[in-house]
Amino acid sequence: MFEQILPNIYRIIIPLPNSPLKDLNSYVIKADNRNLIIDTGFNRGVCYEAMEKGLQALEIDLSKTDFMLTHMHSDHTGLVSRLFTDTSKVYISRIDSKVFNENIDWQAMIDYALHNGFQLEELIKAAESHPGFKYSPKRIPEFTLLEHDSIIEMGDYKLRCILTPGHTEGHICLYEEEKQLFFSGDHILYDITPHIESWSYEVNSLENYMRSLDKVRNLTVKLVLPGHRNLFTDLKGRIDELKKHHEIRANEVLEVLGKNTMSAYDIAAGMTWDIDCENWDLFPVAQKWFAVGEAIAHLLYLESKGRIKRTQGEKTDTYSICEDTVCSSF
């Protein structure tokens, strides 16, 4: 139902059915006159039931409760539409708030996916099954927009916002310097690797992510409170593991490419994935979307390092290794 982490800080575990993430950590900070909920879960009945039970057990009055959304993904934002009240502040980064703008050009993303090897039929299925569309908030609050170094104070806790682009462009972590606490959202997870994807040639998500890891590596932290799975203490050690992981994945992309010229879709099909399927054709289409997005992130990163080149085709863009370029590290 809930567990106490520290004085006036609690965790409610919100189930995420049919998701490899398994569940979400929703954190509640209680204060005398006001409460703060950090991240919420999907906009689904099973998520709402778990949240409702936890909040009732903690005796949380939603009319005296604010919300902080670490980033725009629906497993973190979806349920806020059922929880916020007219007296609630709902915090999110200025950058990620833009995804809730009805004027977002989704057609550009579809065209981008087509140019990277997807077939239109698969894209339609991917959109229909994507949790980001299915379980997003249906009632959008008036956001209180956050910038890097914005401060949220709640009771004895003073939380400094640290902009950490990578997982999303506007992802924000929260740092409590005095108590040495770090709410890492999906920027740094302990049991699993945060998903880094790119769906625009203008955004080098993996490069941004690596820089964001360096940005927080030297913070003095006793406890990391991530968006999923287990809490942990060794922030520097985990960051080093994540950077090594992406170096290994980038090298795998190079191995898959070899001397070939390939689309991002075909490169993703040749990579290893922690999914219980015998081959690429059997992948759920939503997982293909995530896999191709991750492959593109590594391809754009390698392109920025001069390791590969991208060729724009009339229908499909392709990648190949720059044979005349030597780069010893990432």
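Let's see if you can work this out: charge +1 on each Lys and Arg Cβ, -1 on each Asp and Glu Cβ, no other charges. What is the dipole magnitude of the range 33-104 about its Cα centre, in debye to the nearest 20? Don't skip to the answer; put the middle values down first.
Details: 8 positive and 10 negative charges, 29 e Å.
My answer is approximately 140 debye.
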- Per-bin percent of Cα-Cα distances, the range 60-177 [5 Å]: 2, 10, 17, 20, 19, 13, 8, 5, 3, 2, 0
- Task: Report relative contact order for the range 203-323 in percent, whole number only (criteria: Cα-Cα under 8 Å, sequence separation at least 6).
- Result: 27 percent
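If you count, for each residue, the other Cβ atoms within 10 Å and average over each peptide, how do 138-144, 38-44 line up from highest to lowest?
On the way: 138-144: 14.0, 38-44: 25.7.
The packing order, highest mean first, is 38-44, 138-144.
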- Query: What aspartates and glutamates could a cross-link reach from K53, if we take a straight Cα to Cα line under 14 Å and drop same-chain neighbours fewer than 8 places away?
  - Reply: E3, D61
- Note on the structure: Whole-Hz Karplus couplings 3J(HN,Hα) for the range 59-69, θ = phi - 60° and coefficients 6.51, -1.76, 1.60, Gly and Pro as x, run 6, 8, 8, 5, 6, 10, 10, 10, 10, 10, 9
- What spacing in nm lies between the two simple spin-label points modelled at I275 and E52, each 7 Å away from Cα in the Cβ direction? 3.4 nm
- Query: DSSP loop GluC sites (Glu not before Pro) in the range 187-258 with at most 16 other Cβ atoms within 10 Å of their Cβ, which ones?
  - Reply: E202
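If you place +1 on the Cβ of every Lys and Arg and -1 on the Cβ of every Asp and Glu, how big does the dipole about the Cα centre of the chain come out, in debye to the nearest 20?
With only Lys, Arg, Asp and Glu charged at Cβ, the dipole is about 520 debye.
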- Using only Cα atoms, what Kirkwood radius does the range 209-309 have, in angstroms? 15.5 Å
- Message: Please compare each pair in K22/K125; K259/K288; K179/K244; K30/K179; K158/K179; K89/K158 to a cut-off of 18 Å on the Cα-Cα distance and tell me which ones are over it.
- Response: K22/K125; K259/K288; K179/K244
- Message: I need the phi-derived Karplus couplings for the range 31-47: 6.51 cos²θ - 1.76 cosθ + 1.60, θ = phi - 60°, integer Hz, Gly and Pro marked x.
- Response: 9, 4, 10, 7, 10, 10, 10, 9, 6, 10, x, 5, 7, 9, x, 5, 6
- Item | Calculated log₁₀ intensity ratio I(q)/I(0) where the Debye formula runs over C-alpha points of the chain, q = 0.09, 0.12, 0.13 Å⁻¹ | -0.48, -0.85, -0.99
- Task: Pop out the ³J(HN,Hα) list for the range 12-23 in order, Karplus 6.51 cos²θ - 1.76 cosθ + 1.60 with θ = phi - 60°, rounded to Hz; leave Gly and Pro as x.
- Result: 10, 8, 9, x, 10, x, 6, 10, x, 6, 6, 7
- Note on the structure: Distance in Å, no decimals, from the C-alpha centre of the range 168-203 to the one of the range 112-128 is 27 Å
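Read-outs: derived from the displayed coordinates by stated rules, not from any lab. Keep in mind that what you see is a predicted model, and the values were worked out from it rather than measured. Here the Cβ is made from the backbone with ideal geometry for all residues, glycine too, and neighbour counts use every protein chain on show.
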